[in-house]
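The values are calculated or read from the model by the stated rules, or taken from the named source; none is laboratory data. The structure presented is a predicted model; accordingly, all values stated were derived computationally and were not measured. No Cβ is skipped: glycine too gets one built from the backbone with ideal geometry, and neighbour counts run over all protein chains shown.
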Amino acid sequence: MLEGWVATLLRTYGELQEVFDELYYWAPAESRQTEVDFLLQRGRQYLAIEVKSNPRISPEALSGLKAISDLKGVTRRILVYPGKREMKTTEGIEVWPVERLLRALAANKLWP
């Protein structure tokens, strides 16, 4: 349910503030269990967003965002979750509480 709500937010802000040019779902052909919920494109840059409904982050929750790091043009990788703690992994993946995503969208500061 959280993923659907985030999809609605992204589409809404995408239309109102032109946050991105295109919105995709990403899953490499060679792996059935690796995916990223949202891949936003703006020009030649990409922003990857994974949404997890669990307030605890496991290493498996980051697998898609780790896998997409080799995609040319990826400038930011974000995991959004209902927890309270904001952090950044050693791989550069940003972990944002839902509230942080809302603030970034409202201020049009989703891109680095």
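I need a count of the residues in the range 24-41 that are of a type in the set (A, V, I, L, M) and either more than 11 Å from the chain's Cα centre (by Cα) or modelled with pLDDT under 95 (or both).
Initial filter on the range 24-41 (of a type in the set (A, V, I, L, M)): 27, 29, 36, 39-40.
Filter again for either more than 11 Å from the chain's Cα centre (by Cα) or modelled with pLDDT under 95 (or both), leaving 27, 29.
So the count comes out to 2.
All but one of (1) touching a helix residue (DSSP H, G or I) at 6+ places or on another chain (Cβ under 7 Å); (2) buried (at least 16 other Cβ atoms within 10 Å of the Cβ); (3) over 22 Å from Lys109 (Cβ atoms) hold for Thr34; state the number of the condition that does not hold.
Unmet condition: (2).
Going through the range 42-56 one residue at a time, which ones are small (Gly, Ala, Ser), more than 10 Å from the chain's Cα centre (by Cα) and either surrounded by 18 or more Cβ atoms within 10 Å (Cβ to Cβ) or closer than 17 Å to Trp96 by Cβ (or both)?
Restricting attention to the range 42-56, the residues satisfying the condition of being small (Gly, Ala, Ser) are 43, 48, 53.
Keeping just the survivors that are more than 10 Å from the chain's Cα centre (by Cα) gives 43, 53.
Selection gives Ser53 alone.
Filter the range 78-93 down to the residues that are under 17 Å from Gln45 (Cα atoms) and in contact with a Leu (Cβ under 8 Å, 6 or more places away or on another chain) and list them by number.
Residues of the range 78-93 that are under 17 Å from Gln45 (Cα atoms), as a first pass: 78, 92-93.
Those that are under 17 Å from Gln45 (Cα atoms) and in contact with a Leu (Cβ under 8 Å, 6 or more places away or on another chain): Ile78, Ile93.
Only one residue in Val19, Val6 is under 20 Å from Val98 (Cα atoms), among the hydrophobic types (A, V, I, L, M, F, W, C) and out of contact with any helix residue (DSSP H, G or I) (no Cβ under 6 Å at 6 or more places or on another chain), so which one is that?
Numbers: Val19 fails: out of contact with any helix residue (DSSP H, G or I) (no Cβ under 6 Å at 6 or more places or on another chain).
None of the other options fit; the residue is Val6.
Can you tell me how many residues in the range 57-112 are surrounded by fewer than 14 Cβ atoms within 10 Å (Cβ to Cβ) and small (Gly, Ala, Ser)?
So the answer is 6.
How many residues does the range 9-20 hold that are surrounded by 10 or more Cβ atoms within 10 Å (Cβ to Cβ) and assigned to a helix (DSSP H, G or I)? First the steps, then the outcome.
Filtering the range 9-20 for residues surrounded by 10 or more Cβ atoms within 10 Å (Cβ to Cβ) gives 9-14, 16-20.
Retained after the next criterion (residues that are assigned to a helix (DSSP H, G or I)): 9-14, 16-17.
Adding up the residues that qualify gives 8.
Among the strands (runs of 3 or more DSSP E) lying completely within the range 43-105, list those that include at least 2 residues that are of a type in the set (Lys, Arg).
On the way: elements: 45-51, 74-81, 94-97.
So the answer is 74-81.
Anything in the range 21-31 that is closer than 23 Å to Leu62 by Cβ and loosely packed, with under 12 Cβ neighbours inside 10 Å? List them, or say none. It would help to see each step written out before you state the result.
Our first condition is that a residue be closer than 23 Å to Leu62 by Cβ; within the range 21-31, this holds for 23-31.
Residues satisfying the conditions are Tyr25, Ala29, Glu30, Ser31.
Limited to the range 11-59, what total is found for residues that are in contact with a Leu (Cβ under 9 Å, 6 or more places away or on another chain), hydrophobic (A, V, I, L, M, F, W, C) and under 24 Å from Thr89 (Cα atoms)?
Total satisfying the criteria: 10.
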